[in-house]
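As structure tokens, the structure follows; a few thoughts come after it.
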Amino acid sequence: MAYDDQNIFARILRGELPAIKIYEDDQVLAFMDIMPQADGHALVIPKTPAVTLLDLPAEAAAYTIQIVQKIAKAIETALDAKGIVLMQLSGAAAGQTVPHVHFHLIPSSVHELGRHAAKMGDQEKIQALAEKIKAAL
Ligand code: 5GP
């Protein structure tokens, strides 16, 4: 599938749309999910334009997963998370709704998880959670 550079995450990467960011370097951005499935739901995206994990060059995938682990540790510390669900949906058939590859980090148990992207979150509460995660990085 061709990469659409007008997708929401491409626009966040270019600074055209706001996001509550928790980590950024030259290759990766991590930010809070706008419609969280649980408190502290974060997203980690490579800056490399790729629709799915299958399209992402292996080196970018390897680096991104290192940052996924780093953010997961910060979430665990900051929010005293007992468990973290790592979710990666590749392809609309799998439930992917934003066509730029991303990793969900959801501090929760799979048994508590509802449907994702279902309800807009309280942005002030999300901002406060982001500050806690950033402080634990
Ligand atoms: P997917 O369904 O593609 O795996 O997940 C996309 C995720 O992006 C969803 O959990 C959804 O809540 C989140 N999302 C959609 N639009 C925005 C946005 O504009 N900003 C942020 N921060 N998250 C978004």
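The values are calculated or read from the model by the stated rules, or taken from the named source; none is laboratory data. The shown structure was predicted, so the numbers you read here are calculated from the model rather than taken from an experiment. Cβ: placed from backbone, ideal geometry, glycine included. Neighbour counts: every protein chain shown. Side chains are part of the model used for accessible areas, which takes the heavy atoms of the whole protein and leaves out ligands, DNA and RNA. Shrake-Rupley method; radii C 1.70, N 1.55, O 1.52, S 1.80 Å.
Points worth noting:
- Positions within segment 69-109 being over 18 Å from Met35 (Cα atoms), within 13 Å of the ligand (Cβ to nearest atom) and in a loop (DSSP other than H, G, I, E, B), in sequence order: Ser90, Gly91
- Test: residue in segment 56-64 that is charged (D, E, K, R), closer than 20 Å to Ile12 by Cβ and either open to solvent by less than 30 Å² (accessible area, probe 1.4 Å) or not in a loop (DSSP other than H, G, I, E, B) (or both): no
- Enumeration of residues in segment 3-51 that are hydroxyl-bearing (Ser, Thr, Tyr) and in contact with a Ser or Thr (Cβ under 9 Å, 6 or more places away or on another chain): Thr48
- Hits in segment 18-39 (condition: more than 13 Å from the chain's Cα centre (by Cα) and within 6 Å of the ligand (Cβ to nearest atom)): none
- Flag for Lys119 being part of a loop (DSSP other than H, G, I, E, B) and open to solvent by 40 Å² or more (accessible area, probe 1.4 Å): yes
- Met1 meets all of the listed conditions (1) modelled with pLDDT under 95; (2) closer than 20 Å to Glu131 by Cβ; (3) touching a Gly at 6+ places or on another chain (Cβ under 9 Å) but one, namely (2).
- The C-beta contact set for segment 36-48 (first residue closer than 9 Å to Val101 by Cα and of a type outside the set (Val, Ile, Thr), second residue more than 12 Å from the ligand (Cβ to nearest atom) and outside any strand (DSSP E or B), distance under 6 angstrom, 6+ apart or interchain) comprises Pro46/Ala60; Pro46/Thr64.
This table checks each residue for (1) open to solvent by 30 Å² or more (accessible area, probe 1.4 Å); (2) modelled with pLDDT under 95.
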site	(1), (2)
Lys21	yes, no
Asp33	no, no
Lys47	yes, no
Leu54	yes, no
Val68	no, no
Lys73	yes, no
His111	yes, yes
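- Scan of segment 68-106 for residues that are of a type in the set (A, V, I, L, M), touching a residue at least 60 places away in the same chain (Cβ under 8 Å) and closer than 21 Å to Gln6 by Cβ, ordered by number: Val98
- Any hit, segment 60-67, residues being within 14 Å of the ligand (Cβ to nearest atom) and more than 21 Å from Asp5 (Cβ to Cβ): no
- Close pairs (9 angstrom Cβ cut-off, 6 or more residues apart or separate chains): in contact (Cβ under 8 Å) with a residue 60 or more places away in the chain and under 14 Å from Val98 (Cα atoms) in segment 9-35, of a type outside the set (A, V, I, L, M) and loosely packed, with under 14 Cβ neighbours inside 10 Å anywhere: Ala10/Asp4; Ala10/Glu16; Ile34/Gln123; Met35/Lys119
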